[in-house]
Amino acid sequence: MPLTAVVNYFNAHLDDFNRAARLRGRARFDYDPQHCAVTAELDGITLRPDQVALYDSELSAPVAFESRLSIEDEQGRELNAKALYYTAWEAEEVVFLDRFLRVLHTLDHLARHRPDADGNVVPLILDVHWRHVRAVEASHGQVFESLLAQLGVKPAQIVLRMQAEALLEDLHVRRAVQSFEQRGYRLLVEGLPIDHQHWPLLEQMGVSWIAADPDFLQAALRNRLLQARLDQWIQSAHAAGLKVWLQSFDTPRALEIAWRLGADAVSGARLSEAAREG
C-alpha cells in the first residue's frame, strides 16, 4: 500500500491509538511524497522525526537506526522533546502520545528505507515511555503490534528502548518488558550503571541490547582507568549474551577506542561520515 494511503488510514483511525484520549482530536500525520518526508501535528505543535545510524566495525551498512525527534511550536521555535509529556498528564493521553510517536517514527523509517524483497527493513529503535508502561495494566505491545501490522512491519524489526532506572526499580516495568519480548520485539536497556551488573535480570527479561550511561562514556574517552572499567563491563555483557551500543562517539580517537573495546555498534556524526566516504 502506498505510504500516502497508509497515512490517510491512520488519520482516519486515530481512535485505535486510544479512544479515551482528547489528543486524538488534535493530532494528524502528514506525508510529502515529493520529498519522502513524514511529519505530524499534535495540539498545535509540529513534530519532525529524524534518525541516527548505528554501525558495526565493518561500516558496510547500518545495523539499526535510532529514532530522534525535533519539535516546533506555532511560532517555529524549537522545543525540548520532553515538553510533549508535560501536556499529557492523564494516563490516556500518555498512552495515545507514546503510540502516536512510535507510529510517526515507523512511518518515517519506511519513507527513508524501503523493505527488501522479503519485507524486511533495518531495525528501528523506538522509545517506550515509563509513564505509558505504568498506565497500561497488561498485554504490553499488543496494540502497537496491530498498528505495525497496518504498515507491514513485524515486531522483530523493532527495538524497544527502556530506561534502566525504571526497569531496575519497578516490578511493573519489568513485567511489561517481558510481555514485549514474548510478542517478538527486541529490547534495549539504556543508561545502565557501569558499577552494577544486572546480567541475570536482563537475561530473564529477554533483553538483547544494552547502552551504558552516556555521561560515563564521555568521561571514559578522557580517562584510561575508566576505559579499563568500560572494557571489563563490555566483556561481562558479552559473556552474558548481550550486545553493547556506545553512543555519540564523534571523533576518530573515540571510534578507535570503541572498536578496541569490542563494541557491537557505535553511533556518532563522524561515524556516519566515514561510512559515506567508504
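Using the Cβ-Cβ distance between Q197 and S60 with R0 set to 30 Å, the FRET efficiency from 1/(1 + (r/R0)^6) comes to roughly 0.40. Neighbours of R222 by Cβ distance under 13 Å: Lys/Arg scored +1, Asp/Glu scored -1, total +1. Among the trypsin sites (Lys or Arg not before Pro) found in the stretch 46-83, those both in a DSSP coil and sparsely packed, with 10 or fewer other Cβ atoms within 10 Å of their Cβ, are R77, K82.
Solvent-accessible surface of the chain, taken per residue with a 1.4 Å probe and all protein chains present: 49 Å².
Sorting H196, H172, H13 by solvent-accessible area of protein heavy atoms yields H196, H13, H172, largest first, with a 1.4 Å probe. Per-residue ellipticity at 222 nm, computed for the chain from helices alone with -39500 (n - 2.57) per DSSP H run of at least four residues, works out to -12000 deg cm²/dmol.
Between D118 and S208, the modelled labels are 1.3 nm apart [label points 7 Å from Cα along Cα→Cβ]. Per residue, the average separation of C-alpha pairs within less than 8 Å and at least 6 apart gives the chain a relative contact order of 14 percent. Put simply, when 142-149, 240-247 are sorted by average Cβ atoms within 10 angstrom per residue, most first, you get 240-247, 142-149.
With respect to the chain, whose longest principal axis is taken over its alpha-carbon atoms, helix 171-182 is tilted by about 80°.
Within the stretch 131-237, the ratio Rg/Rh, alpha carbon atoms throughout and Rh by Kirkwood, equals 1.04. As a fraction of the 1.4 Å probe accessible area of the stretch 50-277, surface on carbon and sulfur atoms comes out at 47 percent.
Here the stretch 15-55 is scanned for amide nitrogen atoms under 19 Å from the site 7 Å beyond the Cα of E74 along Cα-to-Cβ, giving 22-29, 40-48. With r as the distance between the Cβ atoms of N223 and S139 and R0 = 41 Å, compute the FRET efficiency 1/(1 + (r/R0)^6) and round to 0.05. In this case the efficiency is close to 0.35. With N as its number of residues, the chain has a Cα radius of gyration that, divided by 2.2 N^0.38 Å, comes to 1.01. Label reach from A156 (point 7 Å along Cα→C-beta): in the stretch 95-134, amide nitrogens under 15 Å belong to 116-124.
The values are calculated or read from the model by the stated rules, or taken from the named source; none is laboratory data. Note that the coordinates shown come from a computational prediction; the quantities given were computed from them, not determined experimentally. Positions of Cβ are generated from backbone atoms using ideal geometry, with glycine treated the same way; all protein chains shown enter the neighbour counts. The protein model used for the area step is the full one, side chains on, heavy atoms only, and it has no ligands, DNA or RNA in it. Shrake-Rupley method; radii C 1.70, N 1.55, O 1.52, S 1.80 Å.
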